[in-house]
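Student: Before I ask anything, let me first share the structure, which is written out below as structure tokens.
The values are calculated or read from the model by the stated rules, or taken from the named source; none is laboratory data. Nothing here was measured: the structure is a model prediction, and the numbers come from that model. Note that each Cβ is placed from the backbone with ideal geometry, even for glycine, and that neighbours are counted across all protein chains shown. For the accessible areas, the whole protein counts, side chains as well, though only heavy atoms, and no ligand, DNA or RNA atoms are used. Shrake-Rupley method; radii C 1.70, N 1.55, O 1.52, S 1.80 Å.
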Amino acid sequence: MPTRESMGENRWLRPVAHRVLAPELWRFTRRSVPRGVALGMVTGILIPMGQIPASAVLALPLRANIPAAALTTFFTNPITTPPLWVAAYWVGAWLLRFDAKVPGQPLATHAQVNVGWLDWLLVDAGPATLVGLLFFSLLGALLGYFGSAFGWRLWIGRKWRRRHRRSARHEDTSLN
């Protein structure tokens, strides 16, 4: 996980270091963390390699928290990626078969079909997987955004209640 200091020392980032190292992109706030989590889900699912640099670059215009975005990209890893891509293919194939419910013959029966694996990959599996990945990235971004915002709210509420109880106990002991 790159730190703020290591990014500042990187020779490739020196021209844009003043933007990347802006303190508001590294502070954990109630608005920047959910943005970072949502961004990390999108880049983690849609970008197969270089997810952390992509999330750091995209965090600049979105004012998202860079560490939250970078950590969330680890949702996809060598263990979770194969099941995710298989599920994306099935969901995408289901989403793309909109013409199966139309009366008459489906559009796919009018086209000549080559049953070779390359044709299957380019015509059927590729678009279906891409649509499924787009669907999962959107779903992951929405769940990540609202889940982290809700978690942030619970965490702050618990801190506030604990502080309130502590100050109430302190007032009770000072009155006696």
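Student: So in the stretch 155-176, with the set limited to residues that are at pLDDT below 85 and open to solvent by less than 70 Å² (accessible area, probe 1.4 Å), which one is farthest from PHE28 (Cα to Cα)?
Tutor: Within the stretch 155-176, the match that is farthest from PHE28 (Cα to Cα) is ALA168.
Student: In addition: Please give the number of the condition ARG4 fails out of (1) in contact with a Phe, Trp or Tyr (Cβ under 9 Å, 6 or more places away or on another chain); (2) at pLDDT 90 or above; (3) open to solvent by 20 Å² or more (accessible area, probe 1.4 Å).
Tutor: All conditions pass for ARG4, except number (2).
Student: Scan the stretch 10-31 and give yes if some residue there is in a helix (DSSP H, G or I), among the β-branched types (Val, Ile, Thr) and modelled with pLDDT of 80 or more, otherwise no.
Tutor: Taking every residue of the stretch 10-31 in turn, none turns out to be in a helix (DSSP H, G or I), among the β-branched types (Val, Ile, Thr) and modelled with pLDDT of 80 or more.
Student: Additional query: Read through the list (1) open to solvent by 50 Å² or more (accessible area, probe 1.4 Å); (2) assigned to a helix (DSSP H, G or I), then give the number of the only condition that GLY92 fails.
Tutor: Result: GLY92 passes all but (1).
Student: Follow-up. For PRO82, work out the one condition from (1) at pLDDT 90 or above; (2) outside any helix (DSSP H, G or I) it doesn't fulfil.
Tutor: Failing condition for PRO82: (2).
Student: Let me ask another. Is there a residue in the stretch 133-154 that is open to solvent by 80 Å² or more (accessible area, probe 1.4 Å), modelled with pLDDT of 75 or more and over 23 Å from ILE45 (Cα atoms)?
Tutor: yes
Student: A further question on this structure: Would a scan of the stretch 103-120 turn up a residue that is of a type in the set (Val, Ile, Thr), assigned to a helix (DSSP H, G or I) and at pLDDT 85 or above?
Tutor: Looking through the stretch 103-120, none of the residues is of a type in the set (Val, Ile, Thr), assigned to a helix (DSSP H, G or I) and at pLDDT 85 or above.
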